[in-house]
Amino acid sequence: MDDHRKTCVRYNEPGHAHALTFSCDERAPLFETEAARDLFIQSLAAARAKLAFDIWAYVIMPEHVHLLIWPREAEYSISAILQAVKQPVSYYARKRGLYGGRSFWLPGGGYDRNMIAAKTVHEEIEYLHANPVRRGLCKSTTDWRYSNARFWAGLDSIEMEMDRTVPPKE
C-alpha cells in the first residue's frame, strides 16, 4: 500500500503572516481535556518566546489547531516554528503515558497559507474564531475558552497574553 501523505510547501517570506492548521493523529479528539489544551498553550508560548513570532489568532479544537502567526525576524522557518510548538506536546503526552502511547500529531505538513493584506488577515481571524460556533461547540466566539476571540473582543479571562501587532483593518 502506498503512503500518500500530503506535502506542504512553505514560503518563509519576510513580512508575511501564516495561517497554520494541523491535526491530531487519526483526527482523534486529543484536545478534549483541559490538560492537553493547557499543555499546547504552554508549548505555543515557549515557542513564541524562543523563535520571535507574534500570535494573532489561535483556536484549539478537539482534534486540530488553527494558528495565525507573524514572524518578527526577516529570516525564519515555519517548519522550525511548528516543530517548536508541536514537539513538546508530543514529548509530554508520551512521557505522561497519555493516549495509549499513540502519536499525538497527524503525519504530514498540515496547512500553511501566507497572508500579506490586512483585510485577508482580519477575515482569517474572524473565520478561525468562528470555528467552534460552526461546529456547535458554543453559541458565541467569545464563549470558547481555547481561542483568543475574547482578547479581540476586549474581554478578560484569556488563556495567554496576546500580541497587538495586527495591521489595522483597511
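Each reported figure results from applying straightforward, stated rules to the coordinates on display, with no laboratory input. The model shown is predicted, which means the values in this text are computed figures rather than measured ones. When we count neighbours, we look across all protein chains shown, and the Cβ atoms used for this are built from the backbone with ideal geometry, even at glycine.
Details
- Of all lysines in the structure, the ones whose alpha carbon falls short of 20 Å from that of LYS95, not counting any fewer than 8 places away in one chain, are LYS86.
- Under the convention that each Lys and Arg Cβ holds +1 and each Asp and Glu Cβ holds -1, the size of the dipole of the chain around its Cα centre is about 280 debye.
- With the cut-off at under 14 Å, measuring from each backbone N in segment 102-131 to a point 7 Å along the Cα-to-Cβ line of ILE158 picks out 125-126, 129.
- Listed by chain and number, the aspartates and glutamates whose C-alpha is less than 17 Å from the C-alpha of LYS169, apart from same-chain residues fewer than 8 away, are GLU123, GLU124, GLU126.
- Estimated distance in nm for a label pair at ARG94 and ALA117, the labels positioned 7 Å out from Cα along Cα-to-Cβ: 4.2
- Along each principal axis, Cα extent of the chain, largest first, Å: 47, 36, 31
- For segment 114-161: rounded, prolate or oblate by the Cα gyration tensor [a/c cutoff 1.5]: oblate
- Taking the chain and dividing mean pair separation by its residue count, relative contact order in percent (alpha carbons under 8 Å, at least six apart): 31
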